[in-house]
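For reference, the structure is listed below as structure tokens.
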Amino acid sequence: TVGGNQQLYTVSNTVNHTLQAASPTSFKPGGYAFYNVVGNIDISKSLTNDFAIGFGTEARKETYKIIAGDTASYSGQGANSFPGIRQENSGIFNRYNIGAYLDASLNATKNWLINGTIRGEKYSDFGNTFVYRISSRVKTDDGKFVLRGSASTGFRAPTLHQIYNQSTQASFVAGTIQLSGLFNNNSKQAFLLEVPKLKPEKSTNFTLGAGFNPTKNISVTLDFYDITIKDRIVYSSAISSDDPTTTLYQILEENGVVQAQFFINGVKTHTSGIDLVASYRNILLGKGKLGINLAGNYTTVNEIVGSPNNPKPVADAGADILSAQIRSLLTESRPKYKGILGLDYGIEDWTFTLNNTLFGPTKFQDLDNGGAIMNNIKQVFKPAVLTDLNIGYNFSSKISANVAVNNILNVLPKWDLELTGSPSDPHYADAQATLADPAAKSLLEGFLEFSGRYRILGYNGSQFSQLGTIFQASVTFKF
């Protein structure tokens, strides 16, 4: 497999204020590219009726390219609204890794299956890793009822983007342009801030489930999962300091930025939940057949375990890598529950699929757009149902067409503001007063909305797409 993409930016109708009259009004700020080459070999064989093995290997090369912008795009303040990528931040970065696995399955009895897999991997930049998975399944003689479970470990190396990307962004604050920087973990700034180099995430996973097939057309499965991720990589909150005596303030001042962000192995997280899938197929209806599908998920736990790994200079400045915004993204910005009720109907050469998706509530604290007061205010997104329709027709065995309409009723996220935190918090009183004052509340909502005019979001938090109704058509040819 060979693949890649590249994105280059252009900025027009602006200036680089630092260059004054010499500034152009159009810039090429640079861009990014990523390419990979992957090769696989997989072999499996049943050695007996009750014992089978599989093994294989994978080799991968990844290339990440940071492309510098023209000099005018990054000199001084850089192009206002979007500074270019500096020459010293550009480069080509590579990674090589090779892995191998061994899998074995044993039917201990006619109703009891045991499976085990081990995998080793060697990275050019992260050394070696070893993961495993053990699973088992027990079924009744007629195969209508199944119990299953598994235990496994996981590993995820930081992406090249997380390791090497470094940039400067501009924002308009209180009538002035302010610059904020993303410092990568190999930079001198990260070294001075005592931000450690990234290391891989590691996880421990458990599942336990049951399946029920009373007839050949009815199936129900219910599964519980539990996932703990250690050294989870997070994109830090925007770190700043107003105290000139702190190391953090001095580093920001020397680099001409007011805020800094970086990727860091910041937290340990724990997530668990329940998945339900049920289907009833081949129901005779007229000249066609109807299928009913139900799927649902409920998150029982989604939490940060322990305290974040704040580097000492960050902690000494009274800052935190996990702001209320980052915490809400990690723990509250995914629906508490989600359900899908689907109907599919086939008659002759026609197929019709209707899905109704229920998205549960989420919460989000948008400090980027709402300011510090959002430390004590949450946007609470209300549950909603989205309806999708797909119609397909087979002209022949080789030609087919589909027309899909997603979110037919044009449902958009609805939300309200909720007071949170303790009365002892620094911004609690202001937050309480803002929500009690209709004019102040309306102004805050304007900051959170897109351009202050549409009740959709300019950032994160919504539990489903804000694009409204989407039409899509396709024609498929088979040779």
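The values are calculated or read from the model by the stated rules, or taken from the named source; none is laboratory data. Keep in mind that this is a model prediction, so the values were computed, not measured. Every residue, glycine as well, gets a Cβ built from its backbone with ideal geometry; the counts of neighbours run over all protein chains shown. Each accessible area value is taken on the protein alone, full model and side chains, heavy atoms only, with ligands, DNA and RNA left out. Shrake-Rupley method; radii C 1.70, N 1.55, O 1.52, S 1.80 Å.
Placing unit charges on the Cβ atoms only, positive for Lys and Arg and negative for Asp and Glu, gives the chain a dipole magnitude near 1640 debye about its Cα centre. The HN-Hα couplings worked out from phi for region 342-349 by the Karplus form 6.51 cos²θ - 1.76 cosθ + 1.60 (θ = phi - 60°) are x, 10, 10, 9, x, 9, 6, 9 Hz, whole numbers, x standing for Gly and Pro. Set the bar at 31 Å for Cα to Cα. Now go through Lys61/Lys188; Lys202/Lys478; Lys28/Lys414; Lys139/Lys338; Lys110/Lys268; Lys28/Lys230 and name every pair that lies beyond it. Pairs exceeding 31 Å: Lys202/Lys478; Lys28/Lys414; Lys110/Lys268; Lys28/Lys230. P(r) tail, the chain: Cα-Cα pairs separated by more than 33 Å, 56% of all pairs.
Loop exposure criterion: GluC sites (Glu not before Pro), DSSP state outside H, G, I, E and B, at most 15 other Cβ atoms within 10 Å. Applied to the chain, the longest stretch between such sites is 1-193. As a length-normalised measure over Cα pairs under 8 Å and 6 or more apart, the relative contact order of region 112-164 settles at 30 percent. Around the amide H of Gln77, modelled in the peptide plane, lie the amide H atoms of Thr18, all under 5 Å away and 5 or more residues distant in sequence or on another chain.
Think of it as helices only: each DSSP H run of n ≥ 4 in the chain is worth -39500 (n - 2.57), and spread over all residues that comes to -3000 deg cm²/dmol at 222 nm. The mean sequence separation of alpha-carbon pairs under 8 Å and at least six residues apart, normalised by the residue count of the chain, gives a relative contact order of 8 percent. Residues His17, His161, sorted by accessible area with the largest first, give His17, His161 [1.4 Å probe; ligands and nucleic acids excluded]. Backbone geometry of region 384-392 corresponds, through the Karplus equation with coefficients 6.51, -1.76 and 1.60 at θ = phi - 60°, to 3J(HN,Hα) couplings of 8, 10, 10, 10, 10, 10, 10, 10, x Hz, x marking Gly and Pro. When you restrict to C-alpha pairs under 8 Å that are six or more residues apart and normalise by the size of region 1-121, the relative contact order lands at 25 percent.
Applying the Karplus relation 6.51 cos²θ - 1.76 cosθ + 1.60 with θ = phi - 60° to region 228-240 yields 3J(HN,Hα) values of 10, 10, 9, 6, 5, 7, 10, 8, 4, 5, 6, 8, 8 Hz, where x marks Gly and Pro.
Within region 102-147, the trypsin sites (Lys or Arg not before Pro) that combine a DSSP coil assignment with at most 11 other C-beta atoms in a 10 angstrom radius are Lys110.
Semi-axes of the equivalent ellipsoid for region 247-308, computed as √(5λ) from the eigenvalues of its C-alpha gyration tensor and ordered from largest down, come to 54, 18, 6 Å.
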